[in-house]
Amino acid sequence: MMDIGALHMAQQDGGAPTTLAAGSAPGESGVSVLNFRFDGGMHLLAAARSHCICFQMSQVRVEKRVVGRVAHYECRGGSLSITPSGCDIAADADEDVEILVVAVDPGRMALAAAECALPEARLIERMYGDDPALFALARTLASESIHNYPNGALSWNEAASSFVDGLVAGHTEAMPARPRGTLGKDPLRRLRDYVVAHLDEPIDIEALADIAGRSPFHFTRVFTRSVGMTPHRYVVHLRLQRAIELVREGRSGLAEIAARTGFADQSHLSRWVRRVHGVPLSRLTA
């Protein structure tokens, strides 16, 4: 399970809550679920290194404290709160509570924002809100985790990706100014277009840096800060994205697909599919 930060929890008797689900399916989704039940009351303190989206599973009155603000809410089942990475949060309740937390790696969030042409977006901190679509995806992730991923790692990772995309679409806002040392959406669009047009060719850092108008050394740092992954991993990400599309179309052999998307051979493609999506290449053709 990825590191979401310091988390201290206790129920009414001082003991730890019951863990119903924790972790993520094999692969590199950048998403993890935590599902806890507190008997008699809840005390929670968290210093988040990941973005944490917390859903109340039933109606309950909660006191929340975030960045010096205190609020009391009568939370309905399915209501959410959002704590961006780097924020501290505390919550207390005097009755039975079940919470479902979806933790999202900031790098995964940055990638999703860049792909949605929103590289300058930031997650909005929320004490209370509703998003039925996100709640449904969170419940799917938790159910799969509880039952040991009966639909497989690929299904879980695709649901996780949909969750992150929904978070970007519904719970971000533009920063007042683009942070120094990051790339804007126009250079990121040009870089993506170049990579997609040259997937079957070697792609070097010098060519990408030239498109962005940076030296190779500074380009790598700025790109990684903007997109949440290195230029090399981003190229692999786009190669893999296209390769999976071609596999699912079913009109080309796996060796041909590997060559068309810049992988050394079918084995190289297969290793990346297993690493990123947690399944063998053969599962994509099933």
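Note on segment 196-214: among residues that are out of contact with any helix residue (DSSP H, G or I) (no Cβ under 8 Å at 6 or more places or on another chain) and part of a helix (DSSP H, G or I), the one that is surrounded by the fewest Cβ atoms within 10 Å (Cβ to Cβ) is ALA197.
Among the residues of segment 215-231, those identified as surrounded by 14 or more Cβ atoms within 10 Å (Cβ to Cβ), within 26 Å of GLY30 (Cβ to Cβ) and free of Cβ contacts under 8 Å to residues at least 24 places away in the same chain are PHE219, THR220, THR224, THR230.
Taking every residue in segment 20-35 that is over 17 Å from ARG233 (Cβ atoms) and pairing it with any residue that is in a strand (DSSP E or B) and hydroxyl-bearing (Ser, Thr, Tyr), at least 6 positions away or on another chain, the pairs with Cβ-Cβ distances below 9 Å are ALA22/SER32; GLY23/SER32; SER24/SER32; LEU34/THR19; ASN35/THR19.
Among residues of segment 177-203 that are more than 22 Å from LEU240 (Cα to Cα) and touching a residue at least 60 places away in the same chain (Cβ under 8 Å), those with a Cβ under 9 angstrom from a residue that is hydroxyl-bearing (Ser, Thr, Tyr) and not in a loop (DSSP other than H, G, I, E, B), sequence gap 6+ or separate chain, pair up as THR182/SER226; LEU183/SER226; GLY184/SER226. ARG139 falls short on exactly one of the conditions (1) surrounded by fewer than 19 Cβ atoms within 10 Å (Cβ to Cβ); (2) within 30 Å of THR230 (Cα to Cα); (3) at pLDDT 95 or above, and that condition is (2). TYR149 passes every criterion in (1) in a loop (DSSP other than H, G, I, E, B); (2) open to solvent by 60 Å² or more (accessible area, probe 1.4 Å) apart from (2). Of all residue pairs spaced 6 or more apart or on separate chains, those with beta-carbon atoms under 7 Å, a first member in segment 69-85 that is touching a residue at least 24 places away in the same chain (Cβ under 8 Å) and over 22 Å from ARG122 (Cα atoms) and a second member that is open to solvent by less than 90 Å² (accessible area, probe 1.4 Å) and of a type in the set (Val, Ile, Thr) are TYR73/VAL62; CYS75/VAL60; CYS75/VAL62. Restricted to segment 162-188, and to residues there that are touching a strand residue (DSSP E or B) at 6+ places or on another chain (Cβ under 8 Å) and not charged (D, E, K, R), the residue that is most open to solvent (accessible area, probe 1.4 Å) is ALA174.
Residues that are touching a helix residue (DSSP H, G or I) at 6+ places or on another chain (Cβ under 8 Å) and part of a helix (DSSP H, G or I) were ranked within segment 162-184; the one that is farthest from ILE82 (Cα to Cα) is SER162. When LEU191 is tested against the conditions (1) open to solvent by less than 30 Å² (accessible area, probe 1.4 Å); (2) part of a helix (DSSP H, G or I); (3) modelled with pLDDT under 95; (4) within 14 Å of PRO119 (Cβ to Cβ), the lone failure is (3). The set of residues in segment 67-83 that are surrounded by 19 or more Cβ atoms within 10 Å (Cβ to Cβ) and of a type outside the set (Gly, Ala, Ser) comprises CYS75, LEU80, ILE82, THR83. A count restricted to segment 109-133 and to residues that are out of contact with any Lys or Arg (no Cβ under 7 Å at 6 or more places or on another chain) and open to solvent by 40 Å² or more (accessible area, probe 1.4 Å) stands at 10. Considering segment 33-59, and only residues there that are part of a loop (DSSP other than H, G, I, E, B) and open to solvent by 20 Å² or more (accessible area, probe 1.4 Å), the residue that is nearest to ALA159 (Cα to Cα) turns out to be MET57. For segment 84-94, taking the residues that are of a type in the set (Gly, Ala, Ser) and open to solvent by 20 Å² or more (accessible area, probe 1.4 Å), the one that is farthest from VAL33 (Cα to Cα) is identified as GLY86. Among the listed residues VAL62, VAL97, identify the single one that is buried (at least 18 other Cβ atoms within 10 Å of the Cβ), over 25 Å from GLY166 (Cα atoms) and touching a Cys at 6+ places or on another chain (Cβ under 7 Å). Answer to the check: VAL62.
Does any residue of segment 73-87 turn out to be among the small types (Gly, Ala, Ser), in contact with a Lys or Arg (Cβ under 7 Å, 6 or more places away or on another chain) and at pLDDT below 95? Yes, some residue in segment 73-87 is among the small types (Gly, Ala, Ser), in contact with a Lys or Arg (Cβ under 7 Å, 6 or more places away or on another chain) and at pLDDT below 95.
The values are calculated or read from the model by the stated rules, or taken from the named source; none is laboratory data. None of the values given here were measured: they were computed from a predicted structure. For neighbour counting, all protein chains shown are included, and Cβ atoms are generated from backbone atoms with ideal geometry for every residue, glycine included. These accessible areas exclude ligands, DNA and RNA; they are computed on the full protein's heavy atoms, side chains included. Shrake-Rupley method; radii C 1.70, N 1.55, O 1.52, S 1.80 Å.
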